[in-house]
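For reference, the structure discussed in these notes is given below.
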Amino acid sequence: MYPPKLNNIINLFEMLPEVERRETLVSYADSAKKQEPRAGEQFELEDVRKDEECADTVGVYLHVDEEGKAHFRMTLGAEVQTLTRAMTAILCKGLDGATPQEILELPSDFVTRIVGEQLVRVRSQTTYYILTRMKGICKVYLDRQRRMAAAAVA
């Protein structure tokens, strides 16, 4: 149901007591900087903007390799909240190597399993924001691929 890397992360979080879950989220948040684009990387799509539901600018960069697997990079403004930073690192790692279609079809119910019910209630917009942005860029990519395929046939 979930990509294997994401499933491993979900399983890890589900085993943790609440205090350790939050500490692990902070640890992921601290590693979000490692998800930034690296020199020389090429992307099929880049979506950099500040949305109303986020404290600062977020950049989503999508590369789809020759096997059709998605790889994400993210940039986060200085004001982006800790939970959003954590979800950035978790999703970049967990969705790495999934196809854009798999990401688009991914149910969002796993977020509660990672973050915990209490944080989802308190920070509902924050917890789903990054996943929504990643799905959005995958949809744009897939729509472009369909248009290019249709144009090639015509």
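A few points about this structure:
- Looking only at residues in segment 2-19 that are within 18 Å of Thr82 (Cβ to Cβ) and surrounded by 12 or more Cβ atoms within 10 Å (Cβ to Cβ), the one that is farthest from the chain's Cα centre (by Cα) is Leu16.
- Test result for Glu53, in contact with a helix residue (DSSP H, G or I) (Cβ under 8 Å, 6 or more places away or on another chain), part of a loop (DSSP other than H, G, I, E, B), within 30 Å of Glu20 (Cβ to Cβ) and modelled with pLDDT under 95: yes
- Number of residues in segment 111-132 that are modelled with pLDDT of 80 or more and surrounded by fewer than 21 Cβ atoms within 10 Å (Cβ to Cβ) equals 7.
- Residue in segment 27-61 that is nearest to the chain's Cα centre (by Cα), counting only those that are surrounded by fewer than 13 Cβ atoms within 10 Å (Cβ to Cβ) and among the hydrophobic types (A, V, I, L, M, F, W, C): Val48
- Residue in segment 59-67 that is modelled with pLDDT of 95 or more and out of contact with any strand residue (DSSP E or B) (no Cβ under 8 Å at 6 or more places or on another chain) present: yes
- Answer residue from segment 39-50, given it is acidic (Asp, Glu) and outside any loop (DSSP other than H, G, I, E, B) and is nearest to Lys69 (Cα to Cα) among those: Glu46
The values are calculated or read from the model by the stated rules, or taken from the named source; none is laboratory data. Quantities reported herein were computed from a predicted structural model and do not represent experimental measurements. Because the Cβ atoms are built from the backbone with ideal geometry, glycine has one as well, and the counts that use them run over all protein chains shown.
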